[in-house]
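Below: the structure, in structure tokens.
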Amino acid sequence: MAGATGLLPEAAGEELDAYLARWRQAAAGRDAVAETIAALARATAEIAALVRLGPLAGALGAAAGAANADGDIQKKLDVLANDAVLKALRACEAVAYFASEEEEEIQSLRAGGACAVAVDPLDGSSNIDANTSIGTIFSVYPASPDGATGSFFRPGSEQVAAGYAIYGPFSALVLTLGAGVDMFVLDPSGLYRRADAHMSIPRSTREYAINASNYRYWLEPVRDFIDDCIAGAEGPRAKDFNMRWLASLVGDTHRILSRGGVFLYPADKRPGYERGRLRLMYEAAPIAFLVEQAGGDATDGLTRILDKVPGALHERTPLVFGSSDKVARIVEHHADSSHARIRSPLFGKRGLFRA
Ligand code: AFP
């Protein structure tokens, strides 16, 4: 039955503000994180309203006339999204430091703030004019007494919150505060309402996500894994697989959180891709926190993402995450590559004794 808005059932979910109020009252020391998440929610609701206008808001996918620190050409929406997040965090008394894909340096916002926030303000920029899902990714750390660098150059396991906003057929905020993953859907009035208590990733999957056009650049462990998937029921895995690739980390993550799967953006042989394409601090680490909280795993092929410490603001990392059985198999492939591989005609070009 339609609710007061005429669109929502009466039993629509709990508003994010009420959820955060309950969370902060349940234990001491949570006020700053709750206020930071509320500020990020306001900023992402503002970005969602802009994205919803599409071309009516002007050419959001057009080049903004500059490149970011990592050399990516900035789109208008990259800049507008960064401005929206920075404005909301400047107004939030809880936030001391701000790191962003669109900023050359870490910004100090407020002395005495208890939190440090790293963001990819607009992930999936190449999809803006294609009207496919894009998003904002965020990571929250306790501000360090050692200042800006101490607040961000640390293992991702020290995050206190992480999440993303996805701007798609429905817009939503997917959030972890360290006790599972919840989804809040943006309703027509601009409020986030809880829609899914504790998203979880199935251990196994038959679906992988990778940009297959880069096959010739991949290193052997990734090629071996994908070859086995493509070989399907007649190959060593003895089952068929499916592939998806949205070229939007947020979109691929949301699918994997919703139904399982494994995502790979590996290192490859192209110049500049020696560590893949995705950035550790504001893309891989927050996604890894969410994925682990949902029962999945995230690695660079050899090291757990949440154990890695960035050495630079825009440092890249190979990224593999999703259903834990498949992540484990990809790690095995990477471990195998350090040993002579048995070449056997029985299984074409690869080992007889493969797990
Ligand atoms: P853009 O924000 O520049 O579109 O990059 C998006 C992204 O960082 C990530 O969201 C995708 O998974 C990945 O790049 C897609 O990379 P390819 O275009 O090389 O497939």
Per-residue HN-Hα couplings for region 231-241 [Karplus 6.51, -1.76, 1.60; θ = phi - 60°; Hz; x = Gly/Pro]
5, x, 5, 7, x, x, 8, 6, 7, 8, 10
Take the chain, connect every pair of alpha-carbon atoms lying under 10 Å apart with a spring to form a Gaussian network, then pick out the residue of 262, 320, 309 with the largest mean-square fluctuation.
309
Quick one: compute the contact order of region 1-160, relative version, from alpha carbon pairs under 8 angstrom and 6+ residues apart, as a percent.
16
Could you tell me the ratio Rg/Rh of the chain? Both radii from Cα atoms, Rh via Kirkwood.
0.98
If the chain between residue 14 and residue 63 were fully extended at 0.36 nm per residue, the gain over the current Cα-Cα distance would be 13.8 nm
Return the long-range amide H neighbours of residue 240 (sequence gap of 5 or more, or a different chain), with a cut-off of under 5 Å between placed amide H atoms.
233
So which residue, out of 253, 149, 136, gets the largest mean-square fluctuation from a GNM of the chain using Cα contacts under 10 Å as springs?
149
Along each of the three principal axes of the Cα atoms of region 207-350, give the extent in whole Å, ordering the values from largest to smallest.
47, 32, 26
HN-Hα couplings for region 118-135 via Karplus (6.51, -1.76, 1.60; θ = phi - 60°), in whole Hz with x for Gly/Pro, come out as 10, 9, 9, x, 9, 8, x, 3, 5, 9, 4, 7, 8, 6, 10, 4, 10, x
Of 125, 100, 189, which has the largest mean-square fluctuation in a 10 Å C-alpha GNM of the chain?
189
I'd like the distance separating the alpha-carbon centroids of region 164-186 and region 61-132, in whole Å.
19
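For a Förster distance of 41 Å, can you work out the FRET efficiency between the beta-carbons of residue 27 and residue 223, rounded to the nearest 0.05?
0.30
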7 Å from Cα along Cα→Cβ at both residue 149 and residue 93: what's the point-to-point distance in nm?
3.1
Compute the whole-percent fraction of alpha carbon pairs in region 73-140 spaced more than 17 Å apart.
41
What residues have an amide H closer than 5 Å to that of residue 308, excluding those fewer than 5 places away on the same chain, when H is modeled at 1.01 Å from N in the peptide plane?
156
What does region 30-82 give for Rg and for Dmax, in Å, if only its C-alpha atoms count?
13.9, 40
Assuming R0 = 35 Å, what is the FRET efficiency of residue 244 and residue 111, from their Cβ-Cβ distance, to the nearest 0.05?
0.15
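Tell me, what is the percent relative contact order of the chain, built from C-alpha pairs under 8 Å that lie six or more residues apart?
Rounded, it is 14 percent for the chain.
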Can you tell me which lysines have their Cα less than 21 Å from the Cα of residue 308? Leave out same-chain residues fewer than eight positions away.
326
222 nm mean residue ellipticity, helices alone, for the chain (DSSP H n ≥ 4; -39,500 (n - 2.57); rounded to 500)
-8500 deg cm²/dmol
To the nearest 20 debye, what charge dipole does region 16-196 have about its Cα centre, counting +1 at the Cβ of each Lys and Arg and -1 at the Cβ of each Asp and Glu?
600
Which angle from 0 to 90°, rounded to the nearest 10, does the C-alpha axis of helix 16-25 make with the longest principal axis of the chain?
90
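As a test of understanding, state the convex hull volume per residue of region 16-196 from its alpha carbons, in Å³. Don't skip to the answer; put the middle values down first.
Details: hull volume 20.5 nm³, N = 181.
Expressed per residue, the convex hull around the Cα atoms of region 16-196 is 113 Å³.
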About the Cα centre, and with charges only on the beta carbon of Lys, Arg (+1) and Asp, Glu (-1), how big is the dipole of the chain? Nearest 20 debye, please.
980
Let's see if you can work this out: charge +1 on each Lys and Arg Cβ, -1 on each Asp and Glu Cβ, no other charges. What is the dipole magnitude of region 207-350 about its Cα centre, in debye to the nearest 20?
320
What lysines does residue 76 reach when the alpha-carbon gap must be under 20 Å and sequence neighbours fewer than 8 apart in one chain are set aside?
87
Each residue of region 292-301 in order: what ³J(HN,Hα) in whole Hz does its phi give by Karplus 6.51 cos²θ - 1.76 cosθ + 1.60, θ = phi - 60°, with x for Gly and Pro?
5, 5, 9, x, x, 9, 9, 9, 9, x
Can you compute the radius of gyration and Dmax for region 103-147, using only the Cα atoms, both in Å?
14.4, 44
Inter-part distance where region 304-329 and region 213-269 are each reduced to a Cα centre, Å
15
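Where a number appears in this text, it was derived from the coordinates with a stated rule and is not lab data. Computed from a predicted structure; not experimentally measured. Here the Cβ is made from the backbone with ideal geometry for all residues, glycine too, and neighbour counts use every protein chain on show.
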